[in-house]
Amino acid sequence: MALIGDLRAYPHFPGFDPLTPGQLEDPFAELAQARAEQPVFYMEKYGMWVVTRHEDVWAAYKDQASFSNAVAHQPRCPRPQSILDRKGDWALPVDGNLNTIDQPTHMPLKRVWKTALDRAVDGIGPWLDRRIEELVSAFEDRGEADLVEVLTWPLTVSTVAHLIGAADEDAEKFKGWAEGWFELTGSSALSPEHAEACWHGFVDFEEYIERLIADRRREPRDDFASFLIAEQVKGAPISDREIVTNTIGVVAAGSDTTANAIGQMMHLLLSSPDRLQDVRALPELRANVIEETLRLRGPVRCEIRTTARDVTLSGVTIPQGAMVCLHLGSASRDESLFDRADEFDPRRERLSRHMAFGALSRVCIGAPLARLEMRKTLDVVIDRFPRLRLADDQAPLRYTESLVVPSLRSLKVKW
Ligand code: HEM
């Protein structure tokens, strides 16, 4: 990253440090202050600019020539020696992933991946119903449970496993790999031992997916990878490597995010008996509960870009070659779009203006599936557990260490 000029001359906002335990839990008071006082600023500690206002984040999404995705998912902790020994000069399994490609290549490829995903998701409803039923009936007699352990993660990893055609028992491994990936790409402050474990998980993940793709080449099935292979055989410009990196991308992008979204939705509802009561009584509010959760507690807090030229936002010039954090969570609470922006209010109008799924040509292709998983889980949990509440020992929410996707560690409930 080339940074030009005197770092001290850049605008700073010292109150914001997204990896401190307090702000991993809740960075929103500091972000509201930043939106009002210093909407674009430089975080010296992480070598990164932060963009907090909706209009600026939106402008960056529109100006893809200036804001490149190429380093969106680069690990922020160095490769340990054991990885160099294991893999040598190894191209990361995120390079070539849809989310790390800029225009003009991005959109034509996105159409292929979107078709592949839509096709795999089409008709998934009955499968999801069965899976949720299976998971819920395994714990419903217990009277208490950690929803992250028994429901949110098992559901979302088995869903992506189902999409790509992996065995259910393998899906369990995806949790550690996906969380580790977001920790490596979202924190430069992991302990060396933990970073090393995340790195090895990254390699295991890649080797697993390579084996799966090789199997599908030999024996195609009706799944995401088999469809991409068939498209490639028909002449679509997709390399073998892209099939691997994008299958990894779907697993990582689709499991951690959706598990967190479901957990956050349940936490928001259970934090106030009135809310739960309201949503029980008025099923028509449920779609908005999902949007309001995504607005207030979107699992992807920010997206990382690099500037291809000097760019000015809210009067601040970010130099060429800078790393930039587009804060989606902050943009979704911008008071210029939403009154009482920090309040949970599923009766708001035009709720879907939040930025939880990104925007424009970079919008999430898994959004329909994520919304479906959230809705089906919400219906089952609300209807099957009339006495559901937070467990007495449910402390404030704790997260894994990532400024991009901090992952909810547990959500203890009883009924
Ligand atoms: C609540 C759950 C989810 C959230 C909050 C979320 C959020 C996002 C965001 C913010 C982006 C934009 C990235 C950028 O700006 O560069 C994105 C892109 C993407 N998401 Fe999701 N996502 C979710 C679920 C899923 C699921 C279930 C899948 C697939 C099964 C998925 C697959 C993808 C892919 C492939 C991209 C890349 C699109 C591109 O670069 O054009 N996501 N997601």
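The values are calculated or read from the model by the stated rules, or taken from the named source; none is laboratory data. Predicted model only: the values in this text are computed from it and were never measured. Heads up, the Cβs are rebuilt from the backbone with ideal geometry, glycines too, and the neighbour counts pull from every protein chain shown. In case anyone asks, the SASA skips ligands and DNA or RNA and just uses the protein heavy atoms, side chains included. Shrake-Rupley method; radii C 1.70, N 1.55, O 1.52, S 1.80 Å.
Summed over the stretch 95-114, residues that are more than 29 Å from residue 158 (Cβ to Cβ) and open to solvent by 20 Å² or more (accessible area, probe 1.4 Å) total 6. Being under 30 Å from residue 333 (Cα atoms), surrounded by fewer than 20 Cβ atoms within 10 Å (Cβ to Cβ) and touching a residue at least 12 places away in the same chain (Cβ under 8 Å) is true of residue 271.
Looking at 141, 63, which one is within 16 Å of the ligand (Cβ to nearest atom), modelled with pLDDT of 95 or more and open to solvent by 10 Å² or more (accessible area, probe 1.4 Å)?
63
Of the residues that sit in the stretch 257-285 and are over 17 Å from residue 384 (Cβ atoms) and in contact with a strand residue (DSSP E or B) (Cβ under 9 Å, 6 or more places away or on another chain), which one is farthest from the ligand (Cβ to nearest atom)? Walk me through how you get there before you give the answer.
Here is the first cut: in the stretch 257-285, the residues over 17 Å from residue 384 (Cβ atoms) are 257-261, 263-264, 267-268, 271-275, 278, 282, 284-285.
Now drop any that are not in contact with a strand residue (DSSP E or B) (Cβ under 9 Å, 6 or more places away or on another chain), which leaves 259-260, 263-264, 267, 271, 273.
Numbers: 259: 9, 260: 7, 263: 11, 264: 9, 267: 14, 271: 19, 273: 25 Å.
By that ranking, first place goes to 273.
Within the stretch 202-258, the set of residues being of a type outside the set (D, E, K, R), more than 23 Å from residue 111 (Cβ to Cβ), touching a residue at least 24 places away in the same chain (Cβ under 8 Å) and out of contact with any Gly (no Cβ under 8 Å at 6 or more places or on another chain) comprises 203, 205, 208, 255.
Being in contact with a Phe, Trp or Tyr (Cβ under 8 Å, 6 or more places away or on another chain), open to solvent by 10 Å² or more (accessible area, probe 1.4 Å) and more than 13 Å from the ligand (Cβ to nearest atom) is the requirement here; does residue 24 meet it? Spell out how you get there, then give the answer.
Values: in contact with a Phe, Trp or Tyr (Cβ under 8 Å, 6 or more places away or on another chain): yes; open to solvent by 10 Å² or more (accessible area, probe 1.4 Å): yes; more than 13 Å from the ligand (Cβ to nearest atom): yes.
Yes: the conditions hold for residue 24.
Residue pairs whose Cβ atoms lie under 9 Å apart, separated by 6 or more positions or on different chains, with the first residue in the stretch 354-366 and within 6 Å of the ligand (Cβ to nearest atom) and the second acidic (Asp, Glu), are 356/291; 358/303; 362/303; 365/118.
Being open to solvent by less than 30 Å² (accessible area, probe 1.4 Å), among the aliphatic types (A, V, I, L, M) and modelled with pLDDT under 90 narrows it down to one of 92, 117, so name that one.
Values: 117 fails: modelled with pLDDT under 90.
Matching residue, one of 92, 117: 92.
Going by the structure shown, is residue 227 away from the ligand (no atom under 11 Å from the Cβ) and in contact with a Ser or Thr (Cβ under 9 Å, 6 or more places away or on another chain)? Spelling it out, residue 227 is indeed away from the ligand (no atom under 11 Å from the Cβ) and in contact with a Ser or Thr (Cβ under 9 Å, 6 or more places away or on another chain).
Condition (residue is touching a Phe, Trp or Tyr at 6+ places or on another chain (Cβ under 9 Å), under 22 Å from residue 26 (Cα atoms) and not basic (Lys, Arg)) applied to the stretch 393-400: is it met by at least one residue? Break it down into steps so the answer makes sense when it comes.
Just the residues of the stretch 393-400 that are touching a Phe, Trp or Tyr at 6+ places or on another chain (Cβ under 9 Å), to begin with: 400.
Still in the running and under 22 Å from residue 26 (Cα atoms): 400.
Subset that is not basic (Lys, Arg): 400.
Yes, that holds for at least one residue.
Consider residue 325 carefully, then state whether it is of a type outside the set (Val, Ile, Thr), part of a loop (DSSP other than H, G, I, E, B) and under 24 Å from residue 406 (Cβ atoms). It is false that residue 325 is of a type outside the set (Val, Ile, Thr), part of a loop (DSSP other than H, G, I, E, B) and under 24 Å from residue 406 (Cβ atoms). For the stretch 44-60, a tally of residues being open to solvent by less than 50 Å² (accessible area, probe 1.4 Å) and of a type outside the set (Ser, Thr, Tyr) returns 10.
If the condition is being within 22 Å of residue 31 (Cα to Cα) and within 23 Å of the chain's Cα centre (by Cα), then the stretch 347-367 contributes 351, 352, 353, 354, 355, 356, 357, 358, 359. Just one of (1) away from the ligand (no atom under 16 Å from the Cβ); (2) of a type outside the set (Lys, Arg); (3) crowded, with 22+ Cβ neighbours inside 10 Å fails for residue 157. It is (1).
Restricting attention to the stretch 286-324 and to residues that are farther than 25 Å from residue 187 by Cβ and within 12 Å of the ligand (Cβ to nearest atom), the residue that is surrounded by the fewest Cβ atoms within 10 Å (Cβ to Cβ) turns out to be 291. Cβ-Cβ distances below 7 Å connect the following pairs, each with a first residue in the stretch 27-42 that is modelled with pLDDT of 95 or more, a second residue that is open to solvent by 10 Å² or more (accessible area, probe 1.4 Å) and among the hydroxyl-bearing types (Ser, Thr, Tyr), and a separation of six or more residues or different chains: 39/314; 40/314; 42/10.
Let's see how each residue does on (1) touching a residue at least 12 places away in the same chain (Cβ under 8 Å); (2) more than 16 Å from the ligand (Cβ to nearest atom); (3) in a strand (DSSP E or B); (4) open to solvent by less than 40 Å² (accessible area, probe 1.4 Å):
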position: 339; (1), (2), (3), (4): no, yes, no, no
position: 346; (1), (2), (3), (4): yes, yes, no, yes
position: 369; (1), (2), (3), (4): yes, no, no, yes
position: 377; (1), (2), (3), (4): yes, no, no, yes
position: 382; (1), (2), (3), (4): yes, yes, no, yes
position: 387; (1), (2), (3), (4): yes, yes, no, no
position: 395; (1), (2), (3), (4): no, yes, no, no
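Under the condition of being farther than 16 Å from residue 152 by Cβ and either modelled with pLDDT under 95 or within 13 Å of the ligand (Cβ to nearest atom) (or both), the residues counted in the stretch 397-415 number 4. Of all residues in the stretch 206-232, those being at pLDDT 90 or above, among the hydrophobic types (A, V, I, L, M, F, W, C) and either open to solvent by 60 Å² or more (accessible area, probe 1.4 Å) or within 22 Å of the chain's Cα centre (by Cα) (or both) number 1.
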